[in-house]
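**Q** This structure is in structure tokens; I'll ask about it shortly.
Since every read-out is calculated from the coordinates, none of them should be taken as a lab result. Since we're looking at a predicted model, the values are computed, not measured. All Cβ positions, glycine included, derive from the backbone under ideal geometry; neighbour counts span all protein chains shown.
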Amino acid sequence: MRVKTIAALLTCAAVASLTAMACGERLVLAPTGRIVLPGNATGLYLWRDQGKGQLGRLSLGVPKDDLGLELEIEHISTGAHDVQTLGAQYSVISEAFTNNLAPAVSVGVLDLPNRTPFGRSWYLALSKTMGLSADQERYLGSLRIHAGYGSHRMGGAYIGASVQVAGRLDLGAELFIRRVNASARLQIAGPFAAVAQTHDGYGMLGVQLRAER
């Protein structure tokens, strides 16, 4: 198991170092309206802080400037079982397209091959960047509200928010599948960031690799 974990982490690192990525990703577990830009990628690997369990996620923007499609490869380990699955997300409209007047809107599917206990689910996701005052911008880089609706085990409607503090710390929280999850990401150096999250009541610690084209 340890060898598989290290191999998965190195794979994420290799992909992130060869490609570029943008800010499109999950809030914690819930999808947002923003996706990885074409030709970009982001890698995340988390370990459960108590007991056994890992989560690896690699998001890739399809390298076509006119196609807002993100592919997501996910590795989930519970200690007893390892599962790999695939998701996809399509950007219907970005905030930049409307000069931030309307939210980013995307549609997608989680667990397309229907391999995980979570099961295949279809969703609609929205994200809106909120305007900040001059005083607020001294401390906050951005404030976004996220919402969506998912089928099957996604449990219907969900909502969350994310904020950037001092340009290096990203905080997020969500009400997803009737549970509250939270995330903190601290930029360390270059493409590397330390990540701490709560998933359904238990803690996850890990690393995120970010690079830009």
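**Q** Could you tell me how many degrees, from 0 to 90 and to the nearest 10, lie between the Cα long axis of helix 2-18 and the main elongation axis, the longest principal axis, of the Cα atoms of the chain?
**A** Compared with the principal axis, the helix lies near 30 degrees.
**Q** Based on the mean of other beta carbon atoms within 10 Å per residue, what is the order of 106-112, 160-166, most packed first?
**A** So the peptides 106-112, 160-166, ranked by packing, come out 106-112, 160-166.
**Q** Additional query: Would you mind calculating the gained length between Ala96 and Arg168 on full extension (0.36 nm times residue separation, minus the Cα-Cα distance), in nm to one decimal?
**A** That works out to 23.6 nm of additional length.
**Q** Could you give the dipole magnitude of region 124-170 about its Cα centre, charging the beta-carbon of Lys and Arg +1 and that of Asp and Glu -1, in debye to the nearest 20?
**A** So the magnitude is around 160 debye.
**Q** Got a sec? Charge dipole of the chain, +1 on Cβ for Lys and Arg, -1 for Asp and Glu; which of Tyr90, Ile188, Ser133 is way out at the positive end?
**A** Checked the options; the winner is Ile188.
**Q** Please name which of Ala102, Ile159, Leu143 has its Cα lying farthest along the dipole of the chain towards the positive end, using unit charges on Cβ (Lys, Arg +1; Asp, Glu -1) and the Cα centre as origin.
**A** Ile159
**Q** Give a quick list of trypsin sites (Lys or Arg not before Pro) in region 36-110 that DSSP marks as loop, anything other than H, G, I, E or B, with at most 13 other Cβ atoms within 10 Å.
**A** Lys52, Lys64
**Q** While we're on this one: Find the eigenvalues of the gyration tensor of the Cα atoms of the chain, then list the square roots of 5 times those eigenvalues as equivalent ellipsoid semi-axes, largest first, in whole angstrom.
**A** Semi-axes from the Cα gyration tensor: 25, 20, 18 Å.
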